[in-house]
1. Name the one entry in L70, L90 that is surrounded by 11 or more Cβ atoms within 10 Å (Cβ to Cβ) and free of Cβ contacts under 8 Å to residues at least 60 places away in the same chain.
2. Go through the range 39-84 and report how many residues are charged (D, E, K, R) and within 16 Å of the chain's Cα centre (by Cα).
3. Considering every residue within the range 50-65, establish whether at least one is more than 10 Å from S17 (Cβ to Cβ), assigned to a loop (DSSP other than H, G, I, E, B) and either of a type in the set (A, V, I, L, M) or in contact with a Lys or Arg (Cβ under 8 Å, 6 or more places away or on another chain) (or both).
4. Please list, ordered by first then second residue, the pairs with beta carbon atoms under 8 Å, 6 or more apart or interchain, first in the range 27-51 and touching a residue at least 40 places away in the same chain (Cβ under 8 Å), second polar (S, T, N, Q).
5. K35 - would you say it is of a type in the set (D, E, K, R), exposed (fewer than 11 other Cβ atoms within 10 Å of the Cβ) and in a loop (DSSP other than H, G, I, E, B)?
6. Taking W59, is it modelled with pLDDT under 85 and over 18 Å from R88 (Cβ atoms)?
7. Residue check: is A24 modelled with pLDDT of 75 or more, touching a Gly at 6+ places or on another chain (Cβ under 9 Å) and closer than 30 Å to V96 by Cα?
8. Residue check, M77 against (1) within 23 Å of R88 (Cα to Cα); (2) not in a helix (DSSP H, G or I), all met but one. Which one?
Amino acid sequence: MVLSPVWGGAVLTGVLSVMLLVEAGAATVLAFQVKSASGWYLFDAVITAILGVLILVRWPVNSLRAIGTLVALAIVMRGITRIALSTRLLSVTKRVEERRNRVGRAA
């Protein structure tokens, strides 16, 4: 049995594209469940789905190049959306604390 690194890379790229599409579906479901930051989750889902489709469209030809480039883009987009989500959650937490302090002073 002869194993080819190029074929292994192509299979890995195909699996990666399917994984990105499944992740995009999960992020879409999450976007409709989390109301406070649904726009960012939906943005992440759309970008991830686009990357998954781009990999599938050019699958056997650019497999090795697609692995590095598109995974890096997906990770960068995921990082941006997580930073935006954490910033949003921080502002919501501050507002809740301010309301709690006002109620505590009034009592």
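1. Every option except L70 fails the conditions.
2. Here the count works out to 3.
3. Scanning the range 50-65, I find at least one residue that is more than 10 Å from S17 (Cβ to Cβ), assigned to a loop (DSSP other than H, G, I, E, B) and either of a type in the set (A, V, I, L, M) or in contact with a Lys or Arg (Cβ under 8 Å, 6 or more places away or on another chain) (or both), so the answer is yes.
4. Listed pairs, sorted by first residue: W40/T81; Y41/T28; Y41/T81.
5. yes
6. yes
7. Criteria not met by A24.
8. Of (1) within 23 Å of R88 (Cα to Cα); (2) not in a helix (DSSP H, G or I), only one is false for M77: (2).
The values are calculated or read from the model by the stated rules, or taken from the named source; none is laboratory data. This structure is a prediction, so every number in the text was calculated from the model and none was measured. Every residue, glycine among them, receives a Cβ derived from its backbone with ideal geometry; neighbour counts consider all protein chains shown.
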